[in-house]
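Read the structure below first, then the notes.
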Amino acid sequence: MIIVLKLNQSKEAVEEVERHVRDLGYTPHTLWGEVRTVIACIGDETEHASLEALVNLPQVYEVLPIQKKYKLISREVHAEPMPVQVGEARFSAETFQVIAGPCAVESLEQTVSTAKAVKAAGATLLRGGAYKPRTSPYDFQGLGPEGLEILAEAKKETGLPVVTELVSERDAERVAEVADVIQIGARNALNYALLTEAAKTSRAILLKRGLSSTMQEWLLAAEYIAKQGNPRIILCERGIRTYETATRNTLDLSAVAVVKRETGLPVIVDPSHAAGRADLIAPLAKAGVAVGADGLIVEVHPDPEHALSDQAQQLTFEGFEAFMREIRPYVELSGRNGGG
Ligand code: PEP
Ligand code: MN
C-alpha cells in the first residue's frame, strides 16, 4: 500500500502516521517531498489488518493499493495463460469455441434435436439450463433433475460436453454429475457460497459477469473459485445493466479487452443475453471476436416463438447455421482454430 499525505505535513505529523503503520504490522518507508510526502508500506496484507482505515487520519490524502486483490488469477502473479480444456474443446488464445443450445431444457426431443443441430453447424459444447433463475417466480423454473437427465442423454447422443447452470449449493453434486462446465449465472455472480461449492466439484466453471458487477468484482468472484484450488474458469461477458432500453443489456466489449489484460483466463461473449433479440446476435458476436474473445455462448431453440424462456433472443436451427457461416471469416481472421 502507498499512503499519500496531504500537503505540507510537519515531521511530527508524518511520524504519527508511521507509528500507525507500524502498529498495524507493516514497515513504513517514507519518501519526503518538497510539499507532498508519501509512505510506502511493506507487509503481508493477508496477515495484518488493512491499511485502508488510515485514510481517516487527518494527515492522509489517500491510501492506494499497489497489488491486485485477485492474486491467483492475476497476470501479475500468474504470467502464463490459463487455458481451460473441456473434453476435446480447448478455451485458449489459439482456439475458438462456440457453446450453443436452448436457454432452458424443456423436453428430451427439444434438447436432443437442438444438440444435433448445433453440433452439425459447428458448435463444440451444448448449453441448456435445467435449473433456471427467473426474474419472476411465476415463470418456468426449469425441469430440475429431469432436465439433468435429458442433458445426459443429449451428451450421450452427440458427444458434446454440457454447460448447465447451478443456482443452489444444494444441487452442486447432482449438477456436477452431468455438467462438464458448471455455469454461474449473472444473478448469482456474487453468491460466494455458491461459487465456493461449485468450485469444489472440480468441474470447469463458466462465470458470467453480474448484472452490475464492476470488472474488479467479477475478477474477485473468479478468485473465490481459484482459491478452492480450481483454476478451470471461463469468464463470460453477457452485458451489464445500463440506462439503455433498446437492448436487454449493454454488451461491455471494453470489459473483454480489459479483463484479458488483467488475467490469463479465457473470456467468452454471450451476445444472446446482451442483446435480448435474435437480430443482434451476429453483429455482437463479430464484435466479440474482434475484441479478442476466446469463444461465444449462443441460445438456439427448435421453435423460439414457443420457448418457455427467452423467446425473443433464441436462434432457430437455420438461423444458427447462418450465424456460424457469418462469423467464420471473423474467427479465421483472428488466427484461431475453431468456430465450426
Ligand atoms: C442463461 O444463460 O440462460 C442465463 C440465465 O444467463 P444470465 O445469467 O447471463 O442472465
Ligand atoms: Mn437464457
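The values are calculated or read from the model by the stated rules, or taken from the named source; none is laboratory data. Only a predicted model underlies this, so the values are computations on that prediction, with no experimental measurement involved. As a convention, Cβ positions derive from the backbone with ideal geometry for all residues, glycine included, and neighbour counts pool all protein chains shown. The protein model used for the area step is the full one, side chains on, heavy atoms only, and it has no ligands, DNA or RNA in it. Shrake-Rupley method; radii C 1.70, N 1.55, O 1.52, S 1.80 Å.
Place a point 7 Å from Cα of residue 42 in the direction of its Cβ. Which residues in region 64-91 have their backbone N less than 19 Å from it? In region 64-91, the label zone of residue 42 (backbone N under 19 Å from the point 7 Å along Cα→Cβ) covers 64-68. Basic side chains Lys and Arg get +1 at the Cβ, acidic Asp and Glu get -1 at the Cβ, and with that the dipole of the chain about its Cα centre reaches some 400 debye.
Taking the Cα centre of region 206-274 as reference, the dipole from Cβ charges on Lys and Arg (+1) and Asp and Glu (-1) amounts to some 140 debye.
Its DSSP H runs of at least 4 residues, each contributing -39,500 (n - 2.57), put the calculated 222 nm mean residue ellipticity of the chain at -10000 deg cm²/dmol, to the nearest 500. In summary, the convex hull built on the alpha carbon positions of region 1-139 has an orientation-averaged projected area of 15.2 nm². When 23, 303 are compared by accessible surface with a 1.4 Å probe, the order from highest to lowest is 23, 303. If both residues of a DSSP beta bridge must be in the chain, then about 40% of such bridges are antiparallel. Loop-resident GluC sites (Glu not before Pro) (DSSP state other than H, G, I, E or B) in region 225-310 with no more than 12 further Cβ atoms inside 10 Å of their Cβ: 244. Cross-link pairs exceeding 28 Å between alpha carbons, from the set 69/155; 68/155; 68/208; 69/119; 227/260: 69/155; 68/155; 69/119. Computed on the chain, with alpha-carbon pairs under 8 angstrom and 6+ residues apart, the relative contact order is 16 percent. GNM on the chain, alpha-carbon springs under 10 angstrom: the most fluctuating residue among 92, 136, 202 is 136. For the options 196, 114, 214, a Gaussian network treatment of the chain with springs between C-alpha atoms closer than 10 Å singles out 214 as fluctuating the most. With one equal scatterer per alpha carbon and no solvent term, the Debye-computed log10 I(q)/I(0) for region 2-64 at 0.15, 0.18, 0.20 1/Å reads -0.38, -0.54, -0.67. The charge dipole of region 2-64, taken about its Cα centre with unit charges on the Cβ atoms of Lys, Arg (+1), Asp and Glu (-1) only, comes to about 240 debye. If I fit a long axis through the Cα atoms of helix 145-158 and take the longest principal axis of the Cα atoms of the chain, what angle between them do I get, 0 to 90°, rounded to 10? With both axes taken from Cα atoms, the answer is about 70 degrees. Axis of helix 317-333 versus longest Cα principal axis of the chain: the two differ by about 50°, to the nearest ten degrees. Principal-axis analysis of the Cα atoms of the chain puts helix 253-262 at an angle of about 60° to the longest axis. Taking only the C-alpha atoms of the chain, Rg followed by Dmax gives 23.3, 77 Å. Take the chain with all the other protein chains still there, run a 1.4 Å probe, and you get 45 Å² of accessible area per residue. In the chain, a dipole from Cβ-located charges (positive for Lys and Arg, negative for Asp and Glu) runs towards its positive end, and of 192, 265, 135 it is 265 whose Cα lies farthest in that direction.
With all protein chains in place and a 1.4 Å probe, the accessible surface of region 84-338 carries 51 percent carbon and sulfur.
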